[in-house]
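The values are calculated or read from the model by the stated rules, or taken from the named source; none is laboratory data. Please read all numbers here as calculations on a predicted model, not as lab measurements. Here the Cβ positions follow ideal geometry from the backbone for every residue, glycine too, while neighbour counts run over all protein chains shown. Just the protein is used for accessible areas: all its heavy atoms, side chains included, with ligands, DNA and RNA removed. Shrake-Rupley method; radii C 1.70, N 1.55, O 1.52, S 1.80 Å.
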Amino acid sequence: MLSSSDIVAPDKRTPGVVAIDPAIYPMLDKLYARRIERLKAQALLQGENGEYFRFLTHLVQAQQDNLAQAPLEQADVEAIHNLLKQGIPDTTQLEHSLGNIQCWQAAYATLATQLAPMLPQKVAQALGTLSADKTELVKAATHLLQADYAQVDAGVAVVLWAALSTCWAQAVARKQGEGITQPLAHATHCPCCHAPPVASLVMGGAREGLRYLQCSLCEVRWHRVRAVCVACDASGQMDHWTLDDAKSAIQIETCGDCKSYIKTLRLDYNPELEAVADDLGSLLLDSAMETEGFMRVGINPFSFPA
């Protein structure tokens, strides 16, 4: 039986048969509830420096409200699915497709309106200006989906990504296996939506010891064999680092071959961890690895790289 903290439905196994789910699709209401809990915990831990985590609890609550009040229509699901089936389209194709998908634009407008009172005036104004200009809004979303993060104001990017994520996650979850467009076994980016991972998760419960990567956009988890670099598939120079001891629930996995690293959350050690919130709360590990010359695989959607 899976722990109550799991955010995905348990797989049905035949006794004695080891089955590995290639992909696990999110139960968004539970995922958002868990994320809010962990963001609140991080805010308390940070004390006076926890203001950003407190803001993020409001952001994720707004995502959860949007999920409940404005779930995707089937036409939106099909439109997003058709876009994802294109693989990685060029800029013109992506802008055209995004311009014709209304759900994420509406979600962004809702989030921007709800969150503006909690933000500095300059950021709130930037959110509103973008909401009123569809052409620029589509361009900004295109930059984010093409990993041109520096082209979008960081404060705007967090809210815009949240709007995209809420819609993409619903569409992928509704389509499930139909959304997979590339082989899973060696996928560094999400096999459903092509976005980078947030972190590597070592599972507990019925999936004890299995490693999955969690998508930063559509929230899907996909299986990757452990002790192999998720960026280059090498296995000869893999190391694990912590700031505490070897049993720390938050670790860094590095590859000496390609000089990449990924955050690893050991849910088998602490099932309460949540990928986005607890990755953000452990950025000191990232700083240490970057000082050593390693480059991160993936992003945290609440802390975009400059």
Shape call, region 56-131: gyration tensor on alpha carbons, a/c limit 1.5: oblate
Accessible area (Å², per residue) of the chain, counting only protein heavy atoms and a probe of 1.4 Å: 45 Å²
Size-normalised alpha-carbon gyration radius of region 45-189, reference 2.2 N^0.38 Å: 1.09
T129-T291 FRET efficiency (beta carbon distance; Förster radius 45 Å; 0.05 resolution): 0.75
Most mobile of L111, L283, L39 in a GNM of the chain (Cα contacts under 10 Å): L283
Radius, Kirkwood style, for the chain when every pair of distinct Cα atoms is counted (Å): 19.8 Å
Residues whose placed amide H lies under 5 Å from that of L201, excluding near-sequence neighbours: Y212, L213, Q214, L265
Candidate lysines for bridging to K85, where Cα separation is under 19 Å - those fewer than 8 sequence places away on the same chain excluded: K175
Estimated dipole of the chain in Debye, rounded to 20 [Cβ of Lys and Arg +1, of Asp and Glu -1, Cα centre]: 440 debye
Surface share of carbon and sulfur [accessible, 1.4 angstrom probe, percent] for region 24-111: 51 percent
Pair Y269, Q114: separation of 7 Å Cα→Cβ label points (nm): 3.4 nm
FRET efficiency estimate (nearest 0.05) - Cβ-Cβ, A154 to A75, R0 35 angstrom: 0.60
Gain in span if fully extended, K40 to Q237, counting 0.36 nm per residue against the direct Cα distance: 67.2 nm
Distance from region 190-251 to region 31-68 (C-alpha centre basis), Å: 23 Å
Sulfur and carbon atoms: percent of accessible area, region 120-237 [1.4 Å]: 51 percent
Linear extension gain, E51 paired with S303, 0.36 nm per residue minus alpha-carbon span: 89.3 nm
